[in-house]
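Nothing in this text is a laboratory measurement; each read-out follows from the coordinates by a stated rule. A quick note: this is a predicted structure, and the numbers were derived from the prediction, not measured. FYI the Cβ positions are ideal-geometry reconstructions off the backbone, even for glycines, and counts take in every protein chain you see.
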Amino acid sequence: MTQTVTGRTTGLGGHSTIVEQGSVDTISGSTFTADLTQLHTDNALYDSAVSSALDTADYPTSTFVQTGQVTVSRSALEGGTPVTLSGQMTFHGVARAVSFSGQAVESGGQFRVTGTANFSLSNFGFTPSLGLITLGDTATLSFTLAMAR
């Protein structure tokens with residue numbers, strides 16, 4: 001039987017540089033780190049299995065470092081505008097190129113970016129199996145980042 005398990009962590013930190021240039025904002029230098037030891041599912045039994053499968057004892061974090069920059073129209077930010085953040089993600093000790101498709105919006109002095117990327121776990125060097133539990137190869141990573149100007 002196949003079951004989808006969703007894990008969430010509030011252990012996310014990082015920074016971005018947002019430069020105002022006339023009517024556009026440029027996002028660059030983004031670096032974000034997720035604390036995978038704080039990854040929780042809706043089932044405590046799965047928490048332990050996922051932690052073991054991801055080997056969080058040896059690889060407690062995953063990091064994304066943006067390459068290049070993203071330029072968005074300030075007027076488009078009011079209603080939300082599509083963005084793609086490209087960079088290097090290090091997961092399980094292996095760095096690979098990843099692109100997150102998402103949305104950027106500014107409201108009340110807060111700049112918010114949401115994004116999602118699908119990636120193959122095998123591209124990051126592991127084929128996790130724990131007896132009766134085996135992780136599929138496709139993982140989806142979604143995030144919401146809120147930044148003050």
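Model label sites at Asp42 and Thr63, defined 7 Å from Cα along the beta-carbon direction, differ in position by 3.4 nm.
Put simply, the C-alpha atoms of the stretch 27-71 give a gyration tensor, and the ellipsoid matching it has half-axes of 29, 11, 6 Å, longest first. You can think of it this way: the chain between Thr33 and Val5 has 7.9 nm of extra reach, that is 0.36 nm per residue less the Cα-Cα gap. Highest mobility in the GNM of the chain, judged by mean-square fluctuation with C-alpha springs under 10 Å and restricted to Ser120, Ser30, Ser62, is found for Ser120.
Its Cα gyration tensor gives the stretch 14-109 an equivalent ellipsoid. The semi-axes, each the square root of 5 times an eigenvalue, are 32, 16, 10 Å from largest down. Rounded to the nearest 20, the Cβ-based charge dipole of the stretch 1-83 about its Cα centre (Lys and Arg +1, Asp and Glu -1) stands at 160 debye.
Helix 44-53 and the longest principal axis of the Cα set of the chain meet at an angle near 90°.
About the centre of its Cα atoms, the stretch 14-148 shows a dipole size close to 240 debye [charges on the beta carbon of Lys, Arg (+1) and Asp, Glu (-1) only; nearest 20 debye]. Of the residues Leu77, Thr63, Thr41, the one whose Cα sits farthest toward the positive end of the charge dipole of the stretch 22-149, with +1 on the Cβ of Lys and Arg and -1 on the Cβ of Asp and Glu, is Leu77.
Run lengths n ≥ 4 of DSSP H only: what is the helix-derived mean residue ellipticity at 222 nm for the chain, with -39500 (n - 2.57) per run over all residues, to the nearest 500? Provide the component values of the computation, followed by the final result.
Values: 2 runs with 14 residues, N = 149.
Calculated from helices alone, the mean residue ellipticity at 222 nm is -2500 deg cm²/dmol.
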